[in-house]
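J.: Questions regarding the structure given below will be posed in turn.
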Amino acid sequence: MPGTEASRAAAGFAGRSLAVVVIAAAGVALVLGVIVPRAAGATPYVVLTDSMEPGLPVGTLVVSRLVAPEKVRTGTVITYQLRSGQEQLVTHRVVGIGMTVGGERTYLTQGDSNDVPDAQPVRDVQVRGAAWYHVPYLGYVAGAVTGQREMVGIGAAVLLLGYASWQVARAVRERDGSAGDGAA
């Protein structure tokens, strides 16, 4: 049955190829979403609304890093606290720069798809960083595992160990099968 053997070989190759692609994609996601930001002192954030479309659609992972206030210019995309000292964050583009009466630098921001600038100016103390790079769709993965990282890590380890065990068992079967063919 040469046709059946060829079909099995093709299916095996397709399965191994798919596994390599999935592992490579996971590796790239890990590097871009976790390792590079940590190594550079940056922070990844997930875009949750459509205010920055089309450039930063919902589900995009935006990596922001600290920036000196004098480096922020009109056109810079910044991530900032909506209210100083609170956790809620926004990522919008700077459309104007001003000063308070006391001499504090402020930024007028606006989402790319919004018709009007944001109501309140942003103060330097609210800025968490300027967008360094972004990866579309990777935010969906980050959002899915937030708060469940330990379980996701354990699940990924179990899946990878299971896959490795399956590959070893299959290799042993193939080796035993080919050793039997040459003994006759």
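J.: Among (1) at pLDDT 90 or above; (2) more than 15 Å from ASN114 (Cβ to Cβ); (3) surrounded by 12 or more Cβ atoms within 10 Å (Cβ to Cβ), there is one condition ALA26 misses while meeting the rest; what is its number?
T.: Answer for ALA26: the failing condition is (1).
J.: Before we move on, is VAL95 aliphatic (A, V, I, L, M), in contact with a Pro (Cβ under 9 Å, 6 or more places away or on another chain), surrounded by 13 or more Cβ atoms within 10 Å (Cβ to Cβ) and free of Cβ contacts under 8 Å to residues at least 24 places away in the same chain? I'd like the intermediate steps shown before the answer.
T.: Values: aliphatic (A, V, I, L, M): yes; in contact with a Pro (Cβ under 9 Å, 6 or more places away or on another chain): yes; surrounded by 13 or more Cβ atoms within 10 Å (Cβ to Cβ): yes; free of Cβ contacts under 8 Å to residues at least 24 places away in the same chain: yes.
Yes.
J.: Related question: Test of understanding: among TYR45, TYR107, which residue is touching a Ser or Thr at 6+ places or on another chain (Cβ under 8 Å), surrounded by 11 or more Cβ atoms within 10 Å (Cβ to Cβ) and not in a helix (DSSP H, G or I)?
T.: It is TYR45.
J.: Against the condition hydrophobic (A, V, I, L, M, F, W, C) and closer than 30 Å to LEU30 by Cβ, how does ILE97 come out, does it pass?
T.: No, not satisfied.
J.: Can you name every residue in segment 121-137 that is in a helix (DSSP H, G or I) and surrounded by fewer than 21 Cβ atoms within 10 Å (Cβ to Cβ)?
T.: Result: ASP124, VAL125.
J.: Filter segment 50-92 down to the residues that are within 18 Å of the chain's Cα centre (by Cα), part of a loop (DSSP other than H, G, I, E, B) and surrounded by 10 or more Cβ atoms within 10 Å (Cβ to Cβ) and list them by number.
T.: Within segment 50-92, ASP50, MET52, GLU53, GLY55, LEU56, PRO57, VAL58, GLY59, THR60 meet the criteria.
The values are calculated or read from the model by the stated rules, or taken from the named source; none is laboratory data. Predicted, not measured: the structure shown is a model, and the values here were computed from it. Neighbour counts run over all protein chains shown; Cβ positions are idealised from the backbone, glycine included.
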